[in-house]
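K.L.:
Have a look at this one before I ask anything.
The values are calculated or read from the model by the stated rules, or taken from the named source; none is laboratory data. These numbers come from a predicted model, not from an experiment. All Cβ positions, even for glycine, are placed from backbone atoms using ideal geometry, and neighbour counts span all protein chains on display.
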Amino acid sequence: MRYGDDDVKKYAKRMRRTMAKGEAAVWSVLKGHQTGFKFRRQHVIGRFIADFACIELRLLVEVDGAPYHEGDERMSYDRYRERKLAAEGWSIVRVSDNSVRYRAGWFVSFIGGVIDHLSAGAPLPPGDGYHFIPAG
């Protein structure tokens, strides 16, 4: 079954009302231009919904929580989705739900570093606790 644009938008709106705990922790850092950039939550891009998106930096932040992002089929779909979004010029950062819920200070410093790198036009180096997919 293929969803139309209106279906995806309605689903994204519903998801904004029911954020997971990890997503709520990330949103508490990203909302209100606290990072110096505007982020949107549950942002629709084509037929995909990104957890958080910064249009200006072309940056997506995805929060992976168990059990939703576990299993070969789900991981395969996530990789497919990443390739499609990266081909459209989006850089994607994946963080675990546990990392952002239990290491809030880490996320604040981490997202600041990501924003510094991207706003300077530099790629983000690989690191511990996240997965980075550069645009392109």
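K.L.:
Applying the selection to segment 91-136, what residues are on the phi < 0 side of the Ramachandran plot, modelled with pLDDT under 85, exposed (fewer than 15 other Cβ atoms within 10 Å of the Cβ) and assigned to a loop (DSSP other than H, G, I, E, B)?
P.N.:
Answer for segment 91-136, where residues must be on the phi < 0 side of the Ramachandran plot, modelled with pLDDT under 85, exposed (fewer than 15 other Cβ atoms within 10 Å of the Cβ) and assigned to a loop (DSSP other than H, G, I, E, B): 122, 123, 125, 126, 127, 128, 134.
K.L.:
On the given criteria, is residue 38 in contact with a strand residue (DSSP E or B) (Cβ under 8 Å, 6 or more places away or on another chain), modelled with pLDDT of 90 or more and surrounded by fewer than 16 Cβ atoms within 10 Å (Cβ to Cβ)?
P.N.:
Values: in contact with a strand residue (DSSP E or B) (Cβ under 8 Å, 6 or more places away or on another chain): yes; modelled with pLDDT of 90 or more: yes; surrounded by fewer than 16 Cβ atoms within 10 Å (Cβ to Cβ): yes.
Spelling it out, residue 38 is indeed in contact with a strand residue (DSSP E or B) (Cβ under 8 Å, 6 or more places away or on another chain), modelled with pLDDT of 90 or more and surrounded by fewer than 16 Cβ atoms within 10 Å (Cβ to Cβ).
K.L.:
Also: Are there any pairs, at least 6 apart or on different chains, whose C-beta atoms fall under 8 Å, with the first in segment 108-121 and within 23 Å of residue 22 (Cβ to Cβ) and the second at pLDDT 90 or above and surrounded by fewer than 15 Cβ atoms within 10 Å (Cβ to Cβ), and if so, which?
P.N.:
Pairs that qualify, where the first residue is within 23 Å of residue 22 (Cβ to Cβ) and the partner is at pLDDT 90 or above and surrounded by fewer than 15 Cβ atoms within 10 Å (Cβ to Cβ), are 115/36.
K.L.:
Of the residues that make up segment 45-56, is at least one assigned to a loop (DSSP other than H, G, I, E, B), at pLDDT 90 or above and in contact with a strand residue (DSSP E or B) (Cβ under 8 Å, 6 or more places away or on another chain)? Before the answer, list the steps.
P.N.:
Looking only at segment 45-56, we keep the residues that are assigned to a loop (DSSP other than H, G, I, E, B), and these are 46-47, 55-56.
Subset that is at pLDDT 90 or above: 55-56.
Checking the rest, the ones that are also in contact with a strand residue (DSSP E or B) (Cβ under 8 Å, 6 or more places away or on another chain) come to 55.
Yes, segment 45-56 contains at least one residue that is assigned to a loop (DSSP other than H, G, I, E, B), at pLDDT 90 or above and in contact with a strand residue (DSSP E or B) (Cβ under 8 Å, 6 or more places away or on another chain).
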